Amino acid sequence: MADCLFCKIVGGDIPATLVHTDEHLIAFKDINPQAPMHVLIVPRRHVASLNELTDTDDALVGEMVRRAAAIAGENGYAGRGYRTVFNCNADAGQTVFHIHLHVLGGRALTWPPG
Ligand code: AMP
Ligand code: ZN
């Protein structure tokens with residue numbers, strides 16, 4: 001997608017602080033972190049939102065969730081805890097329409113979210 005910010009990061013056209021790359025995913029630090037650890041896990045392939053996922057994406061989503069757990073663990077937050085978030089569309093505040101899993105940790109997070 002020519003006009004997609006995260007496709008540009010995947011393609012290397014816009015810099016990001018990468019914390020993981022593999023065949024299907026990249027992960028990088030959020031530019032406006034909301035916790036001491038705030039990483040975004042992004043599939044290389046453009047999918048606009050959760051609403052566009054199909055059953056052929058099940059393995060991809062599983063990889064995203066398991067990568068979130070791995071990154072949280074690498075940062076020492078497996079035991080104390082962390083949060084994963086997919087925002088979808090306006091009411092959830094989605095601003096980048098290329099799916100991404102937020103991984104937040106390093107402080108006590110309030111519930112319910114705002
Ligand atoms: P969302 O509101 O769920 O769509 O989340 C989009 C996230 O992308 C926000 O937390 C932004 O801070 C983050 N973001 C926007 N631009 C960049 C960028 N160039 N590099 C890293 N993170 C970004
Ligand atoms: Zn994209």
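We did not get these values from a lab; they are worked out from the coordinates using the rules stated. Being a predicted model, the structure only gives us computed values, none of them experimental. Here the Cβ is made from the backbone with ideal geometry for all residues, glycine too, and neighbour counts use every protein chain on show.
Modelled spin-label separation between Arg80 and Asp3, with each label point placed 7 Å from Cα along the Cα-to-Cβ direction: 4.2 nm. Placing a pseudo-label 7 Å from each Cα along the Cα-to-Cβ vector at Thr110 and Arg45 gives an inter-label distance of 3.9 nm.
Over the C-alpha trace of the range 47-114, radius of gyration and Dmax come out as 13.2, 35 angstrom. Extension gain for Ala69-Asn89 works out to 4.8 nm (0.36 nm per residue, less the C-alpha to C-alpha distance). Relative to the longest principal axis of the Cα atoms of the chain, the long axis of helix 58-74 makes an angle of roughly 40 degrees. If a cysteine in the chain has no other Cys Cβ under 4.7 Å from its own Cβ, put it on the list, ordered by number. Flagged as lacking a Cys partner: Cys88. Note: relative contact order over the chain, using C-alpha pairs below 8 Å and six or more positions apart, is 30 percent.
Please state the Cα pair-distance histogram of the range 8-84 with 10 angstrom bins from zero: what percent is in each bin? Taking all Cα pairs of the range 8-84, the binned fractions are 17, 49, 31, 3 percent.
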